Amino acid sequence: MATAESVVFEHVTKRYGVAEARREAAAGRLPAAVDDLSFEVPAGRICVLVGPSGCGKTTSLKMVNRLIEPTSGRILIGGEDVATRDVIALRRSIGYVIQQVGLFPHQTVGENVETVTRLLGWAPERRRARSDELLELVGLDPSRYATRYPSQLSGGERQRVGVARALAADPPVLLMDEPFGAVDPIVRERLQNELLHLQDQLAKTILFVTHDIDEAIKMGDLVAVMQAGGHLAQFAPPAEILANPASDFVARFVGADRGLKRLALTRVNELDLMAPVTASPGEDAAEARRRALADPFPWLLLVDAMRRPLGWVEEADIPTSGNLTEELASAMSPLLDRRTTLKDALARLIEAEVQAGVVTDARGAVIGLVTAEMIFDWSRRTAEEARASEGPTRETAS
Amino acid sequence: MIDWGWIADHVPAILGRAVQHLEFAAIALVVGFAISFGLALLSVRYRPAYPVVAGLAGILFTIPSLALYSSFVPVIGLSLLTVEIPLVLYTLVIYVRNIVAGFDSVPAEVLEAADGMGYTRMQRLRAVELPLAVPLMVAGLRVASVSTIGLVTISGILGSSFGGFGFFIFERPNFATEILVGAVGSIALALLADALFGVLQRRLTPWSRLNVELEMAKTGRSAAQATAAV
Ligand SMILES: Nc1ncnc2c1ncn2[C@@H]1O[C@H](COP(=O)(O)OP(=O)(O)OP(=O)(O)O)[C@@H](O)[C@H]1O
Ligand SMILES: [Mg+2]
């Protein structure tokens with residue numbers, strides 16, 4: 001497997017214009033499509049370019065595989081300036097998923113996926129094997145799909161084929177221009193999850209373009225927020241963009257609900273969960289009651305032998321003598337898998353009109369409690385921390 | 001009214017003229033295609049050339065065929081060229097328009113994908129643009145073949161060594177049977193060519209949506225089933 005390579009933009013500027021407008025451009029009189037873009041994507045990471053329509057995302061992407069040449073500045077892949085490389089060889093070494101998919105209508109799905117390996121002169125059997133492998137990887141059964149034509153596929157299937165085609169020669173760098181733009185939200189979400197899952201195995205360096213901030217936050221290890229005129233407004237991990245937008249533009253772009261969006265980036269097991277007072281049916285009631293009363297949250301959580309929650313016993317309902325029984329359990333909190341996001345956890349608490357949710361592990365055993373208050377505290381604390389550490393990634397809004 | 005006896009007596013002559021008719025038409029169609037392909041490629045690569053090329057070819061097309069055939073006689077006398085040059089000239093406008101339209105019909109995103117994946121210019125032309133332009137090229141061939149077959153008929157005015165079926169039309173202006181044989185023969189050839197290229201067009205594009213749907217209708221599955229959502 002080809003190892004991923006870093007992608008670096010160094011003061012990249014692009015001004016479109018016909019030949020004689022070049023002097024104007026040199027004099028800085030033409031508006032730039034991309035203006036002095038600098039950032040670094042470490043090998044194996046997903047960097048999402050996000051911003052309003054026309055802010056230069058596609059232009060930036062196309063300068064990487066030299067479909068467009070920058071007016072000034074340079075782009076390095078694995079430390080090597082792309083301008084010094086043979087353009088055809090360069091493009092064959094970069095996976096490219098274009099906005100409108102662009103499958104070849106006259107070729108079958110299999111032939112489409114074999115495109116780059118064919119150009120690279122692989123033997124037919126090897127190409128075929130690779131194409132089958134990739135179709136399987138993107139969830140399309142090769143025996144059913146390889147001989148179909150693109151016109152026989154749904155939009156979602158086409159986009160999968162587009163991704164498989166881009167991966168054919170195992171390129172270290174992948175460029176994806178709104179790869180899931182043409183499908184409905186449900187299919188998009190599934191494709192996003194599949195790409196993230198794939199990326200766990202592939203660890204490619206991916207430049208991913210979208211104009212959807214939610215997609216950017218979900219997909220990106222790093223997010224480059226771009227602004228009209230091709231300015232880089234902020235380049236940072238998604239959590240930092242949400243917690244600490246570098247300018248009013250970024251704040252407005254990520255939306256008034258950025259607090260909620262941040263909650264969607266963190267999972268309940270990342271919080272310091274509260275430990276509930278637990279006891280199992282059959283245990284001594286008086287002892288359990290004493291422990292419950294000593295706790296700031298004076299409720300008793302009944303659990304079974306596997307520590308799976310059975311229900312809450314209110315302080316007043318805990319018997320003063322005898323043994324605990326399962327029937328004492330009166331209410332149950334929402335059960336939250338440890339991988340539930342804070343946003344979903346909060347929604348579940350509001351829905352159930354309770355203060356605390358029970359967090360469980362993969363086997364359903366209790367690991368702790370999460371309360372709405374803990375979520376608010378987390379949100380406040382992390383936002384303050386982000387503001388306090390105005391890092392080097394922050395771009396000053398000019 | 002029809003002199004069946006004359007027809008029965010002239011079967012070899014009629015077949016001979018049919019062959020001549022097809023020969024004249026085929027030569028013009030092939031040569032015309034080759035020239036038009038060059039002109040179309042030029043027009044696609046260098047767009048400002050297109051209006052000029054299409055304009056000139058269009059003007060040629062408006063010259064009445066009788067006039068065009070006769071005008072070459074003083075220059076080159078009577079030879080195969082006297083027929084073929086006008087025939088070729090008439091095909092140009094049909095071909096050039098259709099071939100250019102064929103290249104134009106290749107979706108921009110398909111070209112971008114091809115470039116982005118590292119096709120060279122020639123590879124892209126051969127493996128992507130040409131196959132996708134074929135349907136409209138064959139459509140051009142279809143129209144040009146019908147038009148050319150009709151024009152071969154008119155070349156009968158140049159004398160007895162020309163005209164294909166047209167020979168029968170011009171030989172004896174008062175003999176209805178012979179004229180009818182010439183006319184029906186010409187029309188039959190035109191219809192045949194039209195049908196033939198229609199089939200060819202479908203055969204060459206198994207991938208087009210229309211053909212895919214036809215194929216599925218045949219195998220009894222609805223297109224909707226086959227393109228079911230992911
Ligand atoms: N070939 C071109 N010639 C001249 N100007 C161009 C060209 N391509 C793009 N532009 C301009 O450059 C700017 C950036 O375009 P680009 O396609 O990179 O935007 P984008 O961020 O990808 O937008 P979208 O989200 O709509 O795809 C736009 O103002 C656009 O009009
Ligand atoms: Mg774009």
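The values are calculated or read from the model by the stated rules, or taken from the named source; none is laboratory data. Note that the structure is a prediction, hence the values are computed from the model and not measured. Please note: Cβ atoms are built from the backbone with ideal geometry, for glycine as well, and neighbour counts cover all protein chains shown. For accessibility, only protein heavy atoms count, side chains too; no ligands or nucleic acids. Shrake-Rupley method; radii C 1.70, N 1.55, O 1.52, S 1.80 Å.
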- Please list, ordered by first then second residue, the pairs with beta carbon atoms under 8 Å, 6 or more apart or interchain, first in segment A:55-70 and assigned by TED's automatic domain parsing to the domain that holds residue A:177, second part of a helix (DSSP H, G or I) and within 12 Å of ligand 2 (Cβ to nearest atom). A:67/B:112; A:68/A:59; A:68/A:62
- Query: Looking at segment A:50-73, which of its residues are farther than 10 Å from residue A:34 by Cα, more than 16 Å from ligand 2 (Cβ to nearest atom) and buried (at least 16 other Cβ atoms within 10 Å of the Cβ)?
  - Reply: A:66, A:73
- Enumerate the strands (runs of 3 or more DSSP E) found wholly within segment A:260-345, keeping only those where 1 or more residues are in contact with a Leu (Cβ under 7 Å, 6 or more places away or on another chain) and without any contact (Cβ under 8 Å) to a residue 40 or more places away in the chain. A:277-279, A:300-303, A:309-313
- Message: Filter segment A:33-89 down to the residues that are hydroxyl-bearing (Ser, Thr, Tyr) and in a loop (DSSP other than H, G, I, E, B) and list them by number.
- Response: A:53, A:71
- Query: For segment A:253-276, how many residues are surrounded by fewer than 21 Cβ atoms within 10 Å (Cβ to Cβ), touching a strand residue (DSSP E or B) at 6+ places or on another chain (Cβ under 8 Å) and farther than 30 Å from residue A:228 by Cβ?
  - Reply: 7
- Query: When only residues in segment B:88-112 that are in contact with a Leu (Cβ under 6 Å, 6 or more places away or on another chain) and hydrophobic (A, V, I, L, M, F, W, C) count, which is farthest from residue A:159 (Cα to Cα)?
  - Reply: B:89
- Message: For segment B:5-31, give me each residue that is more than 19 Å from residue B:169 (Cβ to Cβ), open to solvent by 60 Å² or more (accessible area, probe 1.4 Å) and touching a residue at least 12 places away in the same chain (Cβ under 8 Å).
- Response: B:27, B:31
- Query: Limited to segment A:93-115, what total is found for residues that are more than 26 Å from the chain's Cα centre (by Cα) and either within 14 Å of ligand 1 (Cβ to nearest atom) or open to solvent by less than 40 Å² (accessible area, probe 1.4 Å) (or both)?
  - Reply: 10
- Query: Of the residues that sit in segment B:166-210 and are under 30 Å from residue A:104 (Cβ atoms) and of a type in the set (Lys, Arg), which one is most open to solvent (accessible area, probe 1.4 Å)?
  - Reply: B:203
- Task: Within segment A:219-252, work out how many residues are surrounded by fewer than 20 Cβ atoms within 10 Å (Cβ to Cβ) and away from ligand 2 (no atom under 16 Å from the Cβ).
- Result: 8
- Item | Filtered residues of segment A:24-69 (kept if at pLDDT below 90 and away from ligand 1 (no atom under 13 Å from the Cβ)) | A:24, A:26, A:27, A:28, A:29
- Query: Which of the following residues is open to solvent by 10 Å² or more (accessible area, probe 1.4 Å) and hydroxyl-bearing (Ser, Thr, Tyr): B:79, B:145?
  - Reply: B:79
- Test residue A:181 against the stated conditions and say whether it is at pLDDT below 90 and over 19 Å from the mean Cα position of the chain (by Cα). no
- Query: Tally time: how many residues in segment A:71-104 are out of contact with any Ser or Thr (no Cβ under 6 Å at 6 or more places or on another chain) and over 19 Å from residue A:5 (Cβ atoms)?
  - Reply: 7
- Kindly provide the set of residues from segment A:278-287 that are open to solvent by less than 10 Å² (accessible area, probe 1.4 Å) and either closer than 18 Å to residue A:369 by Cα or of a type in the set (Ser, Thr, Tyr) (or both), ordered by number. A:279
- Query: Which of the residues spanning segment A:298-314 are open to solvent by less than 70 Å² (accessible area, probe 1.4 Å) and under 24 Å from residue A:363 (Cβ atoms)?
  - Reply: A:300, A:301, A:302, A:303, A:304, A:309, A:310, A:311, A:312, A:313
- Give me a count of the residues in segment A:184-196 that are in contact with a Lys or Arg (Cβ under 9 Å, 6 or more places away or on another chain) and surrounded by 19 or more Cβ atoms within 10 Å (Cβ to Cβ). 1
- Query: Are any residues in segment B:34-58 assigned to a helix (DSSP H, G or I) and open to solvent by 60 Å² or more (accessible area, probe 1.4 Å), and if so, which ones?
  - Reply: B:34, B:35, B:42, B:45, B:51, B:52, B:56
- Tally time: how many residues in segment B:157-183 are over 20 Å from the mean Cα position of the chain (by Cα) and in a helix (DSSP H, G or I)? 14
- Collect the residues in segment A:162-181 that are within 11 Å of chain B (Cβ to nearest Cβ) and either closer than 15 Å to residue B:109 by Cβ or open to solvent by 20 Å² or more (accessible area, probe 1.4 Å) (or both), keeping them in residue-number order. A:162, A:165, A:166, A:169, A:175, A:177
- Message: Looking only at residues that are in a loop (DSSP other than H, G, I, E, B) and within 16 Å of ligand 2 (Cβ to nearest atom) in segment A:90-127, which one is farthest from residue B:201 (Cα to Cα)?
- Response: A:99
- Task: Name every residue in segment B:90-123 that is without any contact (Cβ under 8 Å) to a residue 40 or more places away in the chain, away from chain A (no Cβ under 14 Å) and surrounded by 21 or more Cβ atoms within 10 Å (Cβ to Cβ), in order of residue number.
- Result: B:93
- Item | Criterion: surrounded by fewer than 23 Cβ atoms within 10 Å (Cβ to Cβ), without any contact (Cβ under 8 Å) to a residue 40 or more places away in the chain and in contact with a helix residue (DSSP H, G or I) (Cβ under 8 Å, 6 or more places away or on another chain) - qualifying residue of A:121, A:155 | A:155
